[in-house]
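Heads up, the thing below is written out as structure tokens.
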């Protein structure tokens, strides 16, 4: 039986604390981008002064990011549903212009 090699560890920093994360090499860039985004969100929450403690800051950041994701999904889903209607309106206006000639 062939054993898969373990994923290499990559170190990310969030709120000044270093976390080693096992991650496939082809996904390391995305992990670093995600860690920077999370760090930024957590710093924004911490800097408001209304949330104290790393765990609470992390939960608030997770909730905010989940909310952003759900909104983006709704927007992209809504765009897909509205697109055919938009196309048909555009087509109708073009055919109306032809009728005017």
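Mind checking which residues of region 17-53 are assigned to a helix (DSSP H, G or I), farther than 21 Å from residue 69 by Cβ and in contact with a strand residue (DSSP E or B) (Cβ under 8 Å, 6 or more places away or on another chain)? Talk me through it step by step, then tell me what you get.
Our first condition is that a residue be assigned to a helix (DSSP H, G or I); within region 17-53, this holds for 25-48.
From what's left, farther than 21 Å from residue 69 by Cβ: 25-26, 28, 46-48.
Selection gives 28 alone.
Please state which one of 92, 56 is modelled with pLDDT of 95 or more and either touching a helix residue (DSSP H, G or I) at 6+ places or on another chain (Cβ under 7 Å) or assigned to a helix (DSSP H, G or I) (or both).
Values: 92 fails: modelled with pLDDT of 95 or more.
When all the criteria are applied, what remains is 56.
How many residues does region 1-16 hold that are in contact with a strand residue (DSSP E or B) (Cβ under 8 Å, 6 or more places away or on another chain) and at pLDDT 90 or above?
Initially, region 1-16 is screened for residues in contact with a strand residue (DSSP E or B) (Cβ under 8 Å, 6 or more places away or on another chain), giving 6-13.
Keeping just the survivors that are at pLDDT 90 or above gives 7-13.
Residues flagged as in contact with a strand residue (DSSP E or B) (Cβ under 8 Å, 6 or more places away or on another chain) and at pLDDT 90 or above within region 1-16 amount to 7.
Residue by residue through region 1-16, note down the ones that are assigned to a loop (DSSP other than H, G, I, E, B) and either touching a residue at least 24 places away in the same chain (Cβ under 8 Å) or surrounded by 13 or more Cβ atoms within 10 Å (Cβ to Cβ) (or both).
Within region 1-16, the first condition is being assigned to a loop (DSSP other than H, G, I, E, B), and the residues that meet it are 1-8, 15-16.
Once the filter is applied, which keeps residues that are assigned to a loop (DSSP other than H, G, I, E, B) and either touching a residue at least 24 places away in the same chain (Cβ under 8 Å) or surrounded by 13 or more Cβ atoms within 10 Å (Cβ to Cβ) (or both), region 1-16 yields 7, 15.
The values are calculated or read from the model by the stated rules, or taken from the named source; none is laboratory data. All values reported here derive from a predicted model rather than from experimental measurement. A quick note on method: Cβ atoms are made from the backbone with ideal geometry, for glycine too, and the neighbour counts reach across all protein chains shown.
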